[in-house]
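First comes the structure, then the notes that go with it.
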Amino acid sequence: MTLQQLLDFVRTLDGALIWSPEEGSDTPPIAWGDHFFYHAPDGQVPPNVQPYGTVVTKNYPDDTASDLDGEGRWRVNVHVGRDRFEELTGGEGPQDLGTSDFSVVDTVLPHPVYRALGWVCVVNPGERTSDVVVSMLRDAHGDAVARAERRGEVTSQDDTPTG
């Protein structure tokens, strides 16, 4: 799976918004080139809402374990929640310390920084993980839609606010 294929898939999800800060934008330079996935049928990044998935294309100061500064390396990160986290990581809990090698490619791993919040990641998804990455993103998007509905927000481009 290429990065473009992943982004193209996310764009097929109803009400999905991919926010991709670019060089020269008002966002901090560290975010330039990365991608943040939201349920936002109005096309605007929702205030006070975290993305349900991200793609990072480089190391961050507090997140270097995946060695993303190497040529062609990127990592998809997905919020999956506790139950799915344990299923995907072979029984590890989000609060477990674990000893994963976060630089391994095409393997579902606990997120090196946000595992305690129920996030997993895959560096350069490939043959082994592409299907599970699509499934995780579809489910995470569905969870984001459900949260928006509970808050009484618009859930698709044709819906009106509920509540």
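Bear in mind that the values in this text are calculations on the coordinates, not laboratory data. Bear in mind the structure is a predicted one, so any value in this text is a computation, not a measurement. Cβ coordinates were reconstructed from backbone atoms using ideal geometry, including for glycine residues, and neighbour counts include every protein chain displayed.
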Subject >> Value at 222 nm in deg cm²/dmol, rounded to 500, when DSSP H runs of n ≥ 4 in the chain each add -39,500 (n - 2.57) >> reply: -7500 deg cm²/dmol
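Rank the residues Glu71, Glu87 as a footprinting-exposure proxy: fewest other Cβ atoms within 10 Å of their Cβ go first.
Ranking Glu71, Glu87 by Cβ neighbours within 10 Å, fewest first, gives Glu71, Glu87.
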Original post:
In nanometres, what is the gap between the two model label sites at Arg147 and Glu127, each 7 Å from Cα along Cα-to-Cβ?
Top reply: 3.6
Original post:
chymotrypsin sites (Phe, Trp or Tyr not before Pro), restricted to the range 4-35: which are DSSP loop and have at most 16 other Cβ atoms within 10 Å?
Top reply: Trp32
Original post:
How much FRET efficiency would the formula 1/(1 + (r/R0)^6) give for Asp8 and Asp67, where r is the Cβ-Cβ distance and R0 is 25 Å, rounded to 0.05?
Top reply: 0.45
**OP:** Tabulate in residue order the Karplus-calculated ³J(HN,Hα) for the range 18-26, using 6.51 cos²θ - 1.76 cosθ + 1.60 with θ = phi - 60°, rounded to whole Hz; enter x for Gly and Pro.
**Re:** 9, 9, 10, x, 10, 3, x, 6, 6
Subject >> the range 44-131: trypsin sites (Lys or Arg not before Pro) in DSSP coil with no more than 15 other Cβ atoms inside 10 Å >> reply: Arg128
